[in-house]
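The values are calculated or read from the model by the stated rules, or taken from the named source; none is laboratory data. Only a predicted model underlies this, so the values are computations on that prediction, with no experimental measurement involved. Glycine gets a Cβ as well: all are built from the backbone with ideal geometry, and neighbour counts include every protein chain shown.
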């Protein structure tokens, strides 16, 4: 039995975001997860005050249309609970495309997920005529030389520093385009969305974007998995 010890009442859950639900916005994902928690019967804490809400924290928002194998949320529990029992309840109550894949009990007081897990790893597939590894390297070199990437989000101009947010990348040629692996870091002035980078470098939209890792980056450069806190 892995029940809640006296000084711990936080359940950290890793879940996927896949299929058609990849096109849900972050607020819709949050609402779906909270409805699933309520259906599951997992005992959760609620906030004080007039608008009493479930005490739950989520990792950084995933861009709409991107899938993931490693999203996270922290749920504050109101009663001790076995981890295996919690996983069974949550799996049975959650849509398969947002299914929990792992969970563990953590101390109550840990850093907030959204700010703490600031480094992400991505797999990006680009399929477009004339796009290859060399053209991507050349285009990205020009963007890096400029330093700041300017783009539009809706009708609002935005900018992001590539020096702050692009950690590294690897690109290889495949039939019809490229496969890109990249890591990004959330900076003080925002984060870099893979689709924004592909649009700036290749002038096209990626076929597929998938987040395959999230970590906390320590001062010495070591990476900490959210499930290993």
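Quick notes on this structure:
- Only listed residue being surrounded by fewer than 18 Cβ atoms within 10 Å (Cβ to Cβ), more than 20 Å from the chain's Cα centre (by Cα) and assigned to a helix (DSSP H, G or I), chosen from 139, 49: 139
- Restricting attention to segment 90-106, the residues that are assigned to a helix (DSSP H, G or I) and touching a strand residue (DSSP E or B) at 6+ places or on another chain (Cβ under 9 Å) add up to 5.
- Counted residues, segment 160-171 - those being in a helix (DSSP H, G or I) and within 24 Å of residue 125 (Cβ to Cβ): 2
- Filtered by the rule that a residue be in a strand (DSSP E or B) and in contact with a strand residue (DSSP E or B) (Cβ under 8 Å, 6 or more places away or on another chain), segment 142-154 gives 148, 149, 150, 151, 152.
- Out of 129, 111, 157, sole residue that is outside the structural domain of residue 16 (by TED's automatic domain parsing), exposed (fewer than 14 other Cβ atoms within 10 Å of the Cβ) and in a loop (DSSP other than H, G, I, E, B): 129
- The single condition among (1) touching a residue at least 40 places away in the same chain (Cβ under 8 Å); (2) more than 12 Å from residue 12 (Cα to Cα) that residue 102 does not satisfy is (2).
- Total residues in segment 1-23, condition in a loop (DSSP other than H, G, I, E, B) and at pLDDT 95 or above: 1
- Within the set 208, 183, the sole residue that is surrounded by 13 or more Cβ atoms within 10 Å (Cβ to Cβ), at pLDDT 95 or above, more than 20 Å from residue 64 (Cβ to Cβ) and not assigned by TED's automatic domain parsing to the domain that holds residue 71 turns out to be 183.
- Search result, residues across segment 205-229 that are touching a helix residue (DSSP H, G or I) at 6+ places or on another chain (Cβ under 8 Å) and over 19 Å from residue 23 (Cβ atoms): 214, 215, 216, 226
- Qualifying residue in segment 66-76 (condition: surrounded by fewer than 19 Cβ atoms within 10 Å (Cβ to Cβ), under 18 Å from the mean Cα position of the chain (by Cα) and under 22 Å from residue 19 (Cα atoms)): yes
- The residues in segment 177-206 that are assigned to a helix (DSSP H, G or I) and within 18 Å of the chain's Cα centre (by Cα) can be counted, and the count is 4.
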